[in-house]
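Report on the structure given below.
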Amino acid sequence: MVIAPTLLDGPPEEVLAWALGRFPRIALACSFGAEDVVLVHMASFLKPGVDVFYLDTHLHFPETYATRDIIQKRYSITLHRVEPQLSLKEQEAQHGPKLWERDPDLCCRLRKVEPLKGFLQGFDAWITGIRREQSPTRAQAQSIQWDASFSLWKINPLVTWTTKDVWDYIHRHQIPYHPLHDRHYPSIGCLPCTSPVLPGEDPRSGRWRGKEKKECGLHA
């Protein structure tokens, strides 16, 4: 596929408009964090009824589900709930209690990676809110790249944006956002594995605190 050089690291709206026009089967991943609600806002105007999905691990904060409901009511989107095959009780029966504490990689694989892999089989591309500034593991991300893990194109329109860019856009467009962001949670995942971040800490240091793990496996 030929990609115009001007698109690479181009303005998010242009990257997003190109992707929505180029791929008939495309879906936007949404965790209801700051970056993702920005993309929902942009995409819903570019393509009303756009496919948006979230991975419901059954372990989210109550505020995450509340934000989901607000976003769904406000924007013209088709929202898909993607769930793991195992309920929490079934997972506990097979792997023991609190798997996220003993083997967080396996827990993420069961509750996030495998459900995502199954869902994305019906698509040609997916859109994410990752940014290079977020962590060293994302520093080489491109706005348009082939995702070998899931065998489809991956679109990262906000890859060059700073945290300030994200929040300037949210405030300028009065976009509803996750209330935990105001309580020192810059990155929000599952409730047992997410904690507040102290001033000066890495924005993702609140994820899997005390462990070497920094990614859930979706953005390898």
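Computed from the coordinates by the stated procedures, all read-outs in this text should not be read as laboratory data. Bear in mind the structure is a predicted one, so any value in this text is a computation, not a measurement. Ideal geometry is used to build each Cβ from the backbone, glycine not excepted, and the neighbour counts take in all protein chains shown.
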For the chain, what does the helix formula give at 222 nm: sum of -39500 (n - 2.57) over DSSP H segments with n ≥ 4, over the residue count, nearest 500 deg cm²/dmol? -9000 deg cm²/dmol
In degrees between 0 and 90, to the nearest 10, how far off the longest principal axis of the chain does helix 163-173 point, with axes built from Cα atoms? 70 degrees
Return one number: the angle in degrees, 0 to 90 and rounded to the nearest 10, between the long axis of the Cα atoms of helix 62-74 and the longest principal axis of the Cα atoms of the chain. 30 degrees
Considering the dipole of the chain built from charges on the beta carbon (Lys and Arg +1, Asp and Glu -1) around the Cα centre, which of PRO136, GLY122, THR162 is farthest to its positive end? GLY122
Helix 34-46 against the longest principal axis of the chain: what's the angle in degrees, Cα atoms only, rounded to the nearest 10? 40 degrees
What ranking do 112-121, 23-32 get when scored by the average of other Cβ atoms within 10 Å per residue, highest first? 23-32, 112-121
Could you tell me the number of lysine pairs in the chain with C-alpha atoms less than 18 Å from each other, where the two lysines are 8 or more residues apart or belong to different chains? 11
Extension gain (nm, one decimal) between GLN140 and ARG102, 0.36 nm per residue minus Cα-Cα: 10.7 nm
